[in-house]
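Comments concern the structure below.
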Amino acid sequence: MTLKIYGSSGSGNCLKTKWVAGLLGVDHEWIEFPKVRGGTRTPEFLAINPVGQVPVAVFPDGRPLAQSNAIILHLAEGSHLIPQDSYGRARMFEWLFWEQYSHEPNVSVPRAMLKFRGQTLADIDPAMIERGHVCFTRMELQLKQTPYLVGSALTLADIALVAYTRVAHEGSYDLSAYPALNAWIARVEGDLGLPSAREAA
Ligand SMILES: N[C@@H](CCC(=O)N[C@@H](CS)C(=O)NCC(=O)O)C(=O)O
């Protein structure tokens, strides 16, 4: 038995777990959910994650773990992706909690609406886009000072936040006003061995 990760390659939340497992050489089997909506609500899947969402990791002993940031924290325990000093670690958590509460709901949803749900620009609440720009401004402020969100080295905060930031243009966001953010996207994509999402678009 190896670690199984149930996820969708179209989802930033899921890709975070794949990237961390890949970067750290964690042996795993990726189980693709091509159609997330519906597929995660079957009785079989709800037995693994009662919340009915991907990603979910199932460890070789059968124990499941949901929530992308919980999974990457567990996979990266003791690795260079988590700062050793407690303040640095707390700053990483600061970004991870903010990612789920403030960034992801505003940055990933417009993308999902346009890319997966057959909706149009007219369906997107402009207030959501404004909140997304508040997030990018917050990141730009930090990235003008340090190459990564928590100082000089890549941490889980960068991996979690790059997941939807690098594809924000697919949700109608224009990131041209954020030079430090764009340089950081390219830096983290390089660290993860990813092609530029912007150039691929
Ligand atoms: N906060 C969760 C969010 C997970 C989530 O929203 N998963 C979506 C795909 S990105 C999903 O499975 N949606 C299917 C559904 O809700 O039925 C995490 O970070 O893992």
### Message
All but one of (1) more than 26 Å from Leu81 (Cα to Cα); (2) among the small types (Gly, Ala, Ser); (3) without any contact (Cβ under 8 Å) to a residue 40 or more places away in the chain; (4) surrounded by 15 or more Cβ atoms within 10 Å (Cβ to Cβ) hold for Ala127; state the number of the condition that does not hold.
### Response
(4)
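One line per residue, one yes/no per condition, for (1) buried (at least 18 other Cβ atoms within 10 Å of the Cβ); (2) more than 19 Å from Arg187 (Cβ to Cβ); (3) small (Gly, Ala, Ser); (4) without any contact (Cβ under 8 Å) to a residue 24 or more places away in the chain:
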{"position": "Glu99", "(1), (2), (3), (4)": "yes, no, no, no"}
{"position": "Ser108", "(1), (2), (3), (4)": "yes, yes, yes, no"}
{"position": "Arg111", "(1), (2), (3), (4)": "yes, yes, no, no"}
{"position": "Phe116", "(1), (2), (3), (4)": "no, yes, no, no"}
{"position": "Ala122", "(1), (2), (3), (4)": "no, yes, yes, yes"}
{"position": "Arg131", "(1), (2), (3), (4)": "no, yes, no, no"}
{"position": "Met139", "(1), (2), (3), (4)": "yes, no, no, no"}
{"position": "Lys144", "(1), (2), (3), (4)": "no, no, no, no"}
### Message
Please go through the stretch 65-77 and give me each residue that is outside any loop (DSSP other than H, G, I, E, B) and either open to solvent by less than 70 Å² (accessible area, probe 1.4 Å) or at pLDDT below 95 (or both), ordered by number.
### Response
Leu65, Ala66, Ser68, Asn69, Ala70, Ile71, Ile72, Leu73, Leu75
### Residues located in the stretch 152-201, provided they are at pLDDT below 95 and out of contact with any Asp or Glu (no Cβ under 8 Å at 6 or more places or on another chain)
Arg198, Glu199, Ala200
### Query
Can you name the number of the only condition in (1) in contact (Cβ under 8 Å) with a residue 12 or more places away in the chain; (2) more than 10 Å from the ligand (Cβ to nearest atom); (3) surrounded by 14 or more Cβ atoms within 10 Å (Cβ to Cβ); (4) under 30 Å from Arg138 (Cα atoms) that Phe93 fails?
(1)
#### Entry: Residues (within 13 Å of the ligand (Cβ to nearest atom), farther than 13 Å from Ser8 by Cα and open to solvent by 60 Å² or more (accessible area, probe 1.4 Å)) located in the stretch 47-56
Pro50, Val51
### Query
Somewhere in the stretch 34-44, is a residue basic (Lys, Arg), more than 13 Å from the ligand (Cβ to nearest atom), farther than 19 Å from Leu194 by Cβ and part of a loop (DSSP other than H, G, I, E, B)?
no
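The values are calculated or read from the model by the stated rules, or taken from the named source; none is laboratory data. These figures come from a predicted structure and were not determined experimentally. Virtual Cβ from ideal backbone geometry, glycine too; neighbours counted across all protein chains shown. Only protein heavy atoms, including side chains, enter the accessible area calculation; ligands, DNA and RNA are left aside. Shrake-Rupley method; radii C 1.70, N 1.55, O 1.52, S 1.80 Å.
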